[in-house]
1. Based on DSSP H assignment, which helices of chain A show an axial Cα extent of at least 27 Å together with a mean Kyte-Doolittle hydropathy greater than or equal to -1.0?
2. Mind checking the mean number of beta-carbon atoms from other chains within 10 Å of the Cβ atoms in A:250-260?
3. Is chain A rounded, prolate or oblate when judged by the Cα gyration tensor, a ≥ b ≥ c being the square roots of its eigenvalues, rounded requiring a/c under 1.5 and prolate requiring a/b larger than b/c?
4. Per-residue HN-Hα couplings for the range B:15-31, Karplus 6.51 cos²θ - 1.76 cosθ + 1.60 at θ = phi - 60°, whole Hz, x for Gly and Pro?
5. Could you state how much accessible area is buried at the B-A interface, both sides summed, with a 1.4 Å probe, in Å² to the nearest 100?
6. Using each residue's phi in the range B:34-40, evaluate 6.51 cos²θ - 1.76 cosθ + 1.60 at θ = phi - 60° and report the 3J(HN,Hα) Karplus result to the nearest Hz, with x for Gly and Pro.
7. For the protein assembly as shown, what does the accessible surface come to per residue with a 1.4 Å probe? Please give it in Å².
8. Calculated from DSSP H runs of 4 or more alone, at -39500 (n - 2.57) each and per residue, what is the 222 nm mean residue ellipticity of chain A, nearest 500?
Amino acid sequence: MEILGLGLGMVLLFIGFGLLIGVLFGFFGMGGSFLVTPALLVMGYPTRVAVGSGLAFVFGTSVIATLKHRDMGQVDYKLGVLMIAGTTAGIEAGKEIVIHLESLGMAGSIISVTYVFLLGGIGAFVTYEALKGGGGGGIDHDQADAEVDDDDIPEIAKKIQSYRVPPMMSLRGGVSVSLWLILAVAFVTGLLSGFLGVGGGFIRMPALFYLIGVPVPIAVGTDLFEIVFSGGLGSFLYAMDGGVDLSIVVPLLAGSAFGARIGSAATSIVDEDEIKVYFGLMLLGGALAVAVREIGNVYGIEVLNTVSLVLILGSALMVSGAVVYSSVTALREESQSSSPA
Amino acid sequence: MVDLAAVAAGGANSVDAAVLIGVVLLEAVLLYIGYGAVEQVFGHRVVDRLKGE
């Protein structure tokens, strides 16, 4: 039996894979191109199709996850639009740096080393911050516009918020930040995104929380809102070059649409510090996987590419499983604490 | 009419590419609505079951 030119087994595999990625995407606002493109490459798809179809899938999943986060009041559209403006300029600047490095013949090695250190560095920082944090519980969505507790705002964000360069922008959660500082953060995250050639969710989500100071669920929702535009534009450009294969995108999206609902809903159930710990562990797993792949490329060890993919998929499976487990545990605890003694 | 298979097979003008991305967007919205309806019908029962009630 064939669906869209694919055997039933492959269709089910893509749906299952999409479900896994959807949970991570809805929960963290990242993880799409990070997981799909390498997997498609290992499955033998041409690079153009792997990247283009990965982007189209990220676009579709981000639409679903953003709609779900919107329902829960977790998207700051004003911040999202400002981030899109700053990020777009940053991506262009990042691309120019890559072109310059390519002309010097140094692009590949510098980008790989930066990627590993950035991924690992953000992962270690977020995990450390979350582990030393004092908990706090999920977000009350009925009070999404209520002011954030001062203790919940990271020190760096407090410092950034203290620079009152007009015009000041009021954001969700009672956060007030200078327009110029938002654009500067967006530009730098875009620059890194363009330089590394990645979607940038793993840079933007922590930047929104640690640098601008918006609560984690709103950082995830706003990040996803931005990915709708970047993913849409990217997949459109690849589609013009015949790089989008619907037989890949349709089943992946069918699985991820369900997973994204689970992941998005979990952000309101799972403790905020737990979200950060999982996010950090996911990035550390990714950094290790990229490092292994690069070592394989440098020394021509083919098998390390597969080891890298297994590491990425393994950490994705472990973290999405932990997200689901934590959600169920939190629901049970909530049920027990609300039931009469 | 836009031939999606031809578009996916290689090379397309901007209108064809836009239609292809439109198909992805349409699928995403339909899945969102469809799974939303399923969640409305079964969501509470599943959550109650997970809570052990």
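1. On the way: long enough: A:8-28 (30 Å, 2.58); A:47-71 (36 Å, 0.62); A:77-104 (40 Å, 0.80); A:107-132 (37 Å, 1.30); A:216-240 (36 Å, 1.32); A:246-266 (29 Å, 1.47); A:272-299 (41 Å, 0.75); A:303-338 (52 Å, 0.99).
Once both thresholds are applied, what remains is A:8-28, A:47-71, A:77-104, A:107-132, A:216-240, A:246-266, A:272-299, A:303-338.
2. Partner-chain Cβ atoms within 10 Å, mean over residues of A:250-260: 3.
3. Note, shape of chain A comes out oblate.
4. Going residue by residue, I get 5, 4, 5, 5, 5, 4, 5, x, 5, 5, 4, 4, 4, 4, 5, 5, 5 Hz, with x marking Gly and Pro.
5. Buried area between the two chains comes out at roughly 2500 Å².
6. Result, ordered by residue: x, 5, x, 5, 4, 5, 4 Hz.
7. 45
8. -25500 deg cm²/dmol
The values are calculated or read from the model by the stated rules, or taken from the named source; none is laboratory data. Only a predicted model underlies this, so the values are computations on that prediction, with no experimental measurement involved. Cβ atoms come from the backbone with ideal geometry, glycine included; neighbour counts cover every protein chain shown. Just so you know, the surface numbers come from the protein's heavy atoms only, side chains and all, with ligands and any DNA or RNA stripped out. Shrake-Rupley method; radii C 1.70, N 1.55, O 1.52, S 1.80 Å.
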